[in-house]
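Asker: What follows is a structure written as C-alpha cells; I'll ask about it next.
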Amino acid sequence: MAKGRTVRRRLESDAPEKAPDEDVACAVCQSAEGDASMLLCDKCDKGWHMACMAPPMKSVPKGDWFCPSCQSTEFAIELREETAELRKVEAAKKAAAKQMAAKTKEADKEAKKKAKEAKEAKEAKEAKEA
C-alpha cells in the first residue's frame, strides 16, 4: 500500500485498491469532495478529510496512516498481546516463588532435623558420661 496517501496519490499509484472513477466519502462528513485533502486509511481504506480529523491535520503524514478506528483496533490488539505476555511473566514469577518457598521449607526441615540429631547426640553423650 502507498505511504501516507491521499485519494489522488492512490489513483496514481501502481496498486489501486478502488477503481479510479469511484468516489471515496469522508467517514466524518460523508462528502467525497476535496480529493487532495482526503486521507485513505492503510488498513480499512476509508477516507478522512484532513480538516475533519480531531485535531485537524495540516499535511499528509509520512508512512502508513491509520484512521482513529483502526488505530484503536491496533492498540487493543497490542494491549491484549502485552497483557498476555505480562500474565506469562507473572505466572513464571509465581511458579519460581513457589519453588523457592518449597526449597526453603525443605532446607528448614533439614536444618531442624540436624539440630535435633545434634541435641540427641549431645544428650546421649552426657548420659553416657554420667
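The values are calculated or read from the model by the stated rules, or taken from the named source; none is laboratory data. Not measured: the values here are computed from a predicted model. Ideal geometry is used to build each Cβ from the backbone, glycine not excepted, and the neighbour counts take in all protein chains shown. Protein only, heavy atoms only, side chains kept; ligands, DNA and RNA dropped before computing areas. Shrake-Rupley method; radii C 1.70, N 1.55, O 1.52, S 1.80 Å.
Asker: Considering region 42-61 alone, what residues qualify as being in contact (Cβ under 8 Å) with a residue 40 or more places away in the chain, more than 16 Å from residue 72 (Cα to Cα) and part of a loop (DSSP other than H, G, I, E, B)?
Answerer: 60, 61
Asker: Still on this structure: Looking at region 93-103, is at least one residue over 39 Å from the mean Cα position of the chain (by Cα) and surrounded by 10 or more Cβ atoms within 10 Å (Cβ to Cβ)?
Answerer: No, region 93-103 contains no residue that is over 39 Å from the mean Cα position of the chain (by Cα) and surrounded by 10 or more Cβ atoms within 10 Å (Cβ to Cβ).
Asker: So how many residues does region 14-41 have that are part of a loop (DSSP other than H, G, I, E, B) and at pLDDT 85 or above?
Answerer: 10
Yes/no matrix, rows are residues, columns are (1) out of contact with any strand residue (DSSP E or B) (no Cβ under 7 Å at 6 or more places or on another chain); (2) open to solvent by 50 Å² or more (accessible area, probe 1.4 Å); (3) polar (S, T, N, Q):
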| residue | (1), (2), (3) |
| --- | --- |
| 48 | no, no, no |
| 52 | no, no, no |
| 55 | yes, yes, no |
| 59 | yes, yes, yes |
| 70 | yes, no, no |
| 74 | yes, yes, no |
| 78 | yes, yes, no |
